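The values are calculated or read from the model by the stated rules, or taken from the named source; none is laboratory data. This structure is a prediction, so every number in the text was calculated from the model and none was measured. Backbone-built Cβ (ideal geometry, glycine too); neighbour counts: all protein chains shown.
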Amino acid sequence: MTTPEPTSRLPRLKKWRPLRWIIVAAVTLLVGLAVWFRAGRSGDGDAATFVTRRGPLDISVLEGGSMRAVESQEVKCEVRVGYNGLKILKIVDEGYEVTEDDIKTNKVLVELDSSDLQKQIVQQDIQYESAAATLIDAQQAYEIQLNQNLSDLQAAEQKVRFARLDFDKFLGDQVTQTIVDQVGLEKQIAMEETSADARLSALSTPTPSATGQKPPDSEAIKQTTLQPTVLVTKGEVPIVTSLDGGKPLLPRAPTPPPTAASRLPAMTNATPPARDIEPPREKVVIDFSKYASIDALGDGEAKQKVRKFEDDLQVAQKEMGQAKVTLEGTKRLFEKGFVTKIDMEKDDIAYENNRLKVQTAGTARELFLKYEFPKTAEENLSKHSEAVREFSRARKAAVSKLAQAEAKLKSAQGQFNIQSRQRKELNEQLEKCAITAKKPGLVVYGGSREDMFYYGGEERVREGATVRERQTIITIPDMTKMSVRVKIHETYIKKIKKGQKARITVDAFPDKVLDGEVTQVGVLPDSQNMWMNPDMKVYLTTITVTGTHDWLKPGMSSKVEILVNRLGDVVYVPVQAVSPFDKKQVCFVGRSRNPERRIVEVGEFNDEFIEVKSGLKEGERVLLRAAETQAPEKTDEKKEKATEPQKGPGATPMPAQAAAKT
């Protein structure tokens with residue numbers, strides 16, 4: 001069965017064929033008109049041109065950067081952690097607004113893991129208690145040694161005093177004083193007393209018991225953790241009796257405990273040697289024979305004995321004289337026969353007995369004066385001298401023992417201070433594991449994005465992440481005052497001055513233009529950028545936004561136009577219209593088919609236009625790129641690279657013409 005469609009289409013195709021040719025011709029005509037119109041606008045050829053203008057020209061530097069707060073609180077991890085770091089147990093959500101109520105209630109923003117610190121605190125408490133017990137023991141030992149020294153010195157002093165009394169008792173105080181001065185015992189006693197007192201004063205750091213206070217117990221030591229140095233209080237030096245009648249020395253003014261260097265000169269005096277050995281002294285021989293008389297001796301035991309010997313001798317001599325007279329009378333009576341021979345012999349025996357008594361009394365007197373008197377006198381002098389030397393040894397021994405006790409006390413106190421300080425530091429570290437709110441603002445994780453460096457293995461801030469010591473965990477910026485930090489290329493940095501005005505636009509709000517001011521210009525190139533691209537030198541510059549804007553947030557991309565200068569009435573062209581040629585600046589004036597190369601003198605420039613001081617007039621047409629028929633100046637490739645600024649993040653490309661000018 002056939003259909004009539006094929007035969008019915010033929011008339012319609014014939015009908016539309018002329019219309020098709022009309023459409024093709026119209027399209028061709030439109031394309032030709034478009035080409036002609038484009039060529040007409042661009043000039044007499046295919047090259048782009050620009051008509052030279054005259055008028056005001058703003059010299060500015062345009063750079064991009066990020067919005068940031070002028071002031072911000074960085075919450076860092078202040079806990080001393082090891083290589084493995086410290087985990088975050090809890091942290092507030094990013095973007096949380098910290099209020100004044102949060103500050104009053106000490107809201108915890110970040111909670112760090114403190115399990116290891118708690119274990120260290122338990123171990124430190126044990127060491128702290130041990131050091132406290134050692135300190136109490138050293139204090140008690142010091143007080144015992146101090147009292148023992150006082151007892152030993154008093155006993156040695158008493159022995160010296162008793163020996164002197166025995167010496168005075170035998171010879172008399174006047175004679176003994178003469179002998180003591182001759183021997184030099186008083187001078188020796190004064191020297192030993194002065195030297196020992198100086199040593200004791202240097203070593204004696206009174207404990208609380210010496211000032212009438214009770215020694216601190218363990219609980220008292222615990223309460224002095226923050227000020228452990230008050231355990232040994234300052235006060236007066238303990239009273240030490242002297243040799244002159246037992247009078248106490250005057251109390252000395254309270255002084256701080258001297259160091260080892262300060263008391264070294266007192267302990268190593270130039271008079272006695274460093275070791276505890278008596279220095280050799282010149283031996284003084286006392287001739288006691290000149291004191292062997294009643295007139296030379298004082299009121300003492302020796303004088304009494306000499307007087308008794310002389311009395312016995314006189315009595316014996318008188319009895320002998322009486323016996324002699326009696327014997328002579330008896331002899332005369334015997335010759336006359338009045339008495340018997342026996343009576344005469346009795347009187348003779350009595351006379352002989354009295355004569356022997358005279359000899360015995362005289363011999364006893366001579367023996368006492370020649371032997372017993374000097375022996376006893378020298379023995380008493382020796383006992384007195386030995387007592388003085390023993391007193392000196394007791395003083396030196398007291399200094400030595402007190403120094404040892406003080407060294408143990410200072411060592412125990414130093415160890416206690418160390419343990420107390422470590423215990424305090426651990427407790428402070430434990431408190432730092434809970435970071436509370438200190439300032440209102442917006443919570444931002446981490447530090448400033450522009451100032452952050454990459455650390456190998458560092459995790460993103462979140463719950464469960466590991467942080468290192470001094471790492472910024474959160475930042476709370478002050479939203480009332482914002483700024484933009486940009487990187488200025490080294491070719492433009494000499495134009496930027498502090499206090500220059502700027503216009504700021506934010507990419508998120510392009511229709512709003514903010515006013516700003518340059519508040520900080522970098523002195524040295526950015527060190528971080530030098531690591532990334534050593535060939536490009538940029539300087540960090542801060543532009544502070546004028547006023548407060550609630551819609552500004554840290555991290556917003558911004559563009560800053562710093563107004564460097566404003567030229568009033570100058571001729572200017574686009575920067576790409578100026579080209580280097582034969583070490584000069586030229587512009588190509590006219591049409592692209594036959595342009596005129598003209599030498600020009602250029603001035604200041606911005607990112608779009610450059611000032612032409614001479615060589616061009618207003619209204620002249622210049623090519624925006626050098627004509628192909630003109631051979632540009634051949635320069636060394638390395639020189640071009642050094643002249644042209646490197647392109648990089650935050651840097652504005654600089655044309656070769658402007659670079660050559662600068």
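Name the one entry in Ala323, Ala302, Ala316 that is at pLDDT 80 or above, part of a helix (DSSP H, G or I), over 19 Å from Gln359 (Cα atoms) and out of contact with any Gly (no Cβ under 7 Å at 6 or more places or on another chain).
None of the others qualify; the one that does is Ala302.
Please work out which residue is nearest to Leu563 (Cα to Cα), limiting yourself to segment 574-603 and to residues that are free of Cβ contacts under 8 Å to residues at least 60 places away in the same chain and aliphatic (A, V, I, L, M).
Val602
Could you please give the count of residues in segment 604-625 that are within 60 Å of the chain's Cα centre (by Cα) and touching a residue at least 40 places away in the same chain (Cβ under 8 Å)?
Here the count works out to 7.
Can you tell me which residue is surrounded by the fewest Cβ atoms within 10 Å (Cβ to Cβ) among those in segment 539-574 that are under 15 Å from Lys613 (Cα atoms), modelled with pLDDT of 90 or more and of a type in the set (A, V, I, L, M)?
Val570
Among the residues of segment 316-332, is any in contact (Cβ under 8 Å) with a residue 40 or more places away in the chain and over 60 Å from the mean Cα position of the chain (by Cα)?
Our first condition is that a residue be in contact (Cβ under 8 Å) with a residue 40 or more places away in the chain; within segment 316-332, this holds for 316-317.
When the remaining residues are screened for being over 60 Å from the mean Cα position of the chain (by Cα), the result is 316-317.
So far as segment 316-332 goes, yes, one or more of its residues are in contact (Cβ under 8 Å) with a residue 40 or more places away in the chain and over 60 Å from the mean Cα position of the chain (by Cα).
Select, from Phe334, Phe338, the only residue that is outside any helix (DSSP H, G or I) and farther than 30 Å from Asp166 by Cβ.
Among Phe334, Phe338, only Phe338 is outside any helix (DSSP H, G or I) and farther than 30 Å from Asp166 by Cβ.
Working only within segment 590-626, note down all residues that are part of a strand (DSSP E or B), within 27 Å of Ser60 (Cβ to Cβ) and not basic (Lys, Arg).
Hits for segment 590-626 are Glu601, Val602, Gly603, Glu604, Phe605, Phe609, Ile610, Glu611, Val612, Ser614, Val622, Leu623.
If I ask for residues that are more than 15 Å from Ser60 (Cβ to Cβ) and either touching a helix residue (DSSP H, G or I) at 6+ places or on another chain (Cβ under 7 Å) or among the hydroxyl-bearing types (Ser, Thr, Tyr) (or both), which ones from segment 564-589 would you list?
Residues satisfying the conditions are Val578, Ser579, Pro580, Gln585, Cys587.
Of all residues being surrounded by fewer than 14 Cβ atoms within 10 Å (Cβ to Cβ) and aliphatic (A, V, I, L, M) in segment 134-172, which is nearest to the chain's Cα centre (by Cα)? Just the residue, please.
Checked segment 134-172; the qualifying residue nearest to the chain's Cα centre (by Cα) is Ile144.
So, Asp116, is that one assigned to a helix (DSSP H, G or I), of a type in the set (Asp, Glu), closer than 19 Å to Glu469 by Cβ and without any contact (Cβ under 8 Å) to a residue 12 or more places away in the chain or not?
Judged against the criteria, Asp116 is a match.
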